[in-house]
Amino acid sequence: MIEQEMTILSLLIELKHKTQQLLEIDIEEEQEIPRLNALQQEQEILSQRLAQFQPAPLNDQIRRVAAECQQLETLFNAKLINFQKVVKTNIDKIERMKQHKHAYQNQYLQAEGYFVDNRN
């Protein structure tokens, strides 16, 4: 294996590892957001480094690892889409609850009136 192929394979394996870590994150936990952002930044850097290589015929091992990376990325994207749906459903529930709350409030406010008696 030539040096360029070894470098590509190394970068792909690292990218695969970062994507696996992303899949393990509980994205519903707010304290995981910094870790999520850091891993995505590391993925971006690895992708940019991979993009610097000239397209060339790749050996089977590199193709296999690249396919695994792509599959993991697809799984992570599905996880994000599912979480987005859950969040949207929760927001919709909150909006409906607000509407129901206002539906039972008396909209008519009676101004205070005064009766003036001219008897002195």
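The single condition among (1) assigned to a helix (DSSP H, G or I); (2) surrounded by 10 or more Cβ atoms within 10 Å (Cβ to Cβ); (3) at pLDDT below 90 that Leu58 does not meet is (1).
Within segment 69-90, residues that are closer than 18 Å to Leu39 by Cβ reach partners that are outside any helix (DSSP H, G or I) and among the aliphatic types (A, V, I, L, M) with beta carbons closer than 6 Å, at six or more positions or on different chains, in the pairs Phe83/Ile27. Here is the figure for segment 1-47: residues that are part of a helix (DSSP H, G or I), more than 15 Å from Val65 (Cβ to Cβ) and among the aliphatic types (A, V, I, L, M) total 7.
No other residue among Gln20, Gln61, Gln43, Gln4 is in contact with a Ser or Thr (Cβ under 9 Å, 6 or more places away or on another chain) and either on the phi > 0 side of the Ramachandran plot or of a type outside the set (Lys, Arg) (or both) apart from Gln43.
The values are calculated or read from the model by the stated rules, or taken from the named source; none is laboratory data. As the structure is a computational prediction, the values presented were derived from the model and not from experiment. All Cβ positions, glycine included, derive from the backbone under ideal geometry; neighbour counts span all protein chains shown.
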